[in-house]
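Read through the structure below, which is laid out as structure tokens, and then see the notes.
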């Protein structure tokens with residue numbers, strides 16, 4: 001069994017995935033517009049919207065598509081948590097993802113992380129960026 005995250009976008013899925021590919025080192029594995037679906041006529045106004053896509057970021061597959069016009073809303077109570085190996089990577093990803101977005105918690109040091117931030121990017125996707133500190137076993 002496997003759980004895979006599926007993201008919806010408001011008409012800019014292709015742009016978002018290309019942005020993640022460029023700035024997060026992801027790899028778009030496939031992308032199909034509604035007009036490219038074999039044997040189906042695209043719904044009016046959706047011809048150039050993404051019907052289904054798949055990207056790998058940090059060895060994790062994410063599926064995505066554009067929501068129907070007027071249906072999309074930014075993420076509210078879920079986040080993609082992007083763990084980094086260095087504080088420099090955390091800062092670089094934060095700079096890219098926060099540009100044009102909404103920062104909920106600016107990049108900073110916490111008791112559990114060298115660098116940690118929470119934000120919604122310009123595409124409506126919530127992110128936590130973390131370069132964790134080593135933590136001991138839980139207290140009994």
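The values are calculated or read from the model by the stated rules, or taken from the named source; none is laboratory data. Keep in mind that this is a model prediction, so the values were computed, not measured. Quick reminder, even Gly has a Cβ in these numbers, built from the backbone with ideal geometry, and neighbours come from all protein chains shown.
Tally up the residues in region 105-122 that are in contact with a strand residue (DSSP E or B) (Cβ under 7 Å, 6 or more places away or on another chain), surrounded by fewer than 19 Cβ atoms within 10 Å (Cβ to Cβ) and not in a strand (DSSP E or B), please.
Number satisfying all stated conditions: 3.
Just name the residue that is farthest from the chain's Cα centre (by Cα) out of those in region 75-102 that are buried (at least 16 other Cβ atoms within 10 Å of the Cβ) and in a loop (DSSP other than H, G, I, E, B).
It comes out as 84.
What number goes with the only condition from (1) touching a residue at least 40 places away in the same chain (Cβ under 8 Å); (2) surrounded by 15 or more Cβ atoms within 10 Å (Cβ to Cβ) that residue 15 does not pass?
(2)
In region 28-60, how many are surrounded by 13 or more Cβ atoms within 10 Å (Cβ to Cβ) and part of a strand (DSSP E or B)?
Adding up the residues that qualify gives 13.
Is one or more of the residues making up region 59-71 without any contact (Cβ under 8 Å) to a residue 60 or more places away in the chain, in contact with a strand residue (DSSP E or B) (Cβ under 9 Å, 6 or more places away or on another chain) and closer than 30 Å to residue 138 by Cα?
Yes; the residues of region 59-71 include at least one that is without any contact (Cβ under 8 Å) to a residue 60 or more places away in the chain, in contact with a strand residue (DSSP E or B) (Cβ under 9 Å, 6 or more places away or on another chain) and closer than 30 Å to residue 138 by Cα.
Being part of a helix (DSSP H, G or I) and closer than 17 Å to residue 82 by Cβ is the filter here, so list the residues in region 1-27 that pass it.
Passing the criteria: 16, 17, 19, 20, 21, 22, 23, 24.
If residue 96 satisfies every condition in (1) over 24 Å from residue 31 (Cα atoms); (2) out of contact with any strand residue (DSSP E or B) (no Cβ under 7 Å at 6 or more places or on another chain) but one, which is the exception?
All conditions are met except number (1).
Looking only at region 22-73, filter to residues that are modelled with pLDDT under 95 and on the phi > 0 side of the Ramachandran plot; which one of those is nearest to the chain's Cα centre (by Cα)?
My answer is 58.
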